[in-house]
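Laboratory data are not the source of any read-out in this text; all were calculated from the coordinates shown. Keep in mind that this is a model prediction, so the values were computed, not measured. With ideal geometry, Cβ positions are generated from the backbone for all residues, glycine too; neighbour counts draw on all protein chains shown.
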Amino acid sequence: MYSLIIRSPGYPPQKVRLVRPQNTIGRSVRADIAIPDSFASRLHARLQAEESGYILEDLQSANGTYFNGMRVTVPIRLKPGDVIRIGETDLEFTSDTIRIVYRQPLQKPRLEWPDFELRMKFWDAPPAN
């Protein structure tokens, strides 16, 4: 599950979970994610869910959508930690998924013979032809 942490000037940060396959962002109440920013267009940008995450697309906004400081001109795949800027609002793309990785410590392999007599027979045996 993915989320956006929204940071708008004059407002406390807000976390919004992305639960729909498509989410519009803008200042309109019709936007799926409404932001209180006068520099944002009514429907400013879109997040489209894909199998591997979300794609960010600018909806021909007047002031542009920025991705990690660069203006968005083509759809861009998001990864956790990316920052979208719309007007004066920053939206940080985050993942709520906790990944647990179990690792076993490396051990030196040990070879053990079943019993002492078998070991002695192995070493005393004549070489094979």
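A few comments on the model shown:
- Under 11 Å, Cβ to Cβ, from SER3 - net charge with Lys/Arg +1 and Asp/Glu -1: 0
- Stretching ALA62 away from ALA49 to a fully extended chain increases their span by 2.3 nm, per 0.36 nm per residue minus the current alpha-carbon distance.
- Length gained on full extension, ARG20 to ARG71: 15.9 nm, using 0.36 nm per residue less the C-alpha separation.
- Dipole magnitude of segment 1-89, debye to nearest 20 (Cβ charges: Lys/Arg +1, Asp/Glu -1, about Cα centre): 160
- For HIS44, residues with placed amide H under 5 Å, excluding near neighbours: ILE25, GLY26, ARG27
- Seen from ARG85, the other residues with C-beta closer than 12 Å to its C-beta sum to a net charge of -4, counting Lys and Arg as +1 and Asp and Glu as -1.
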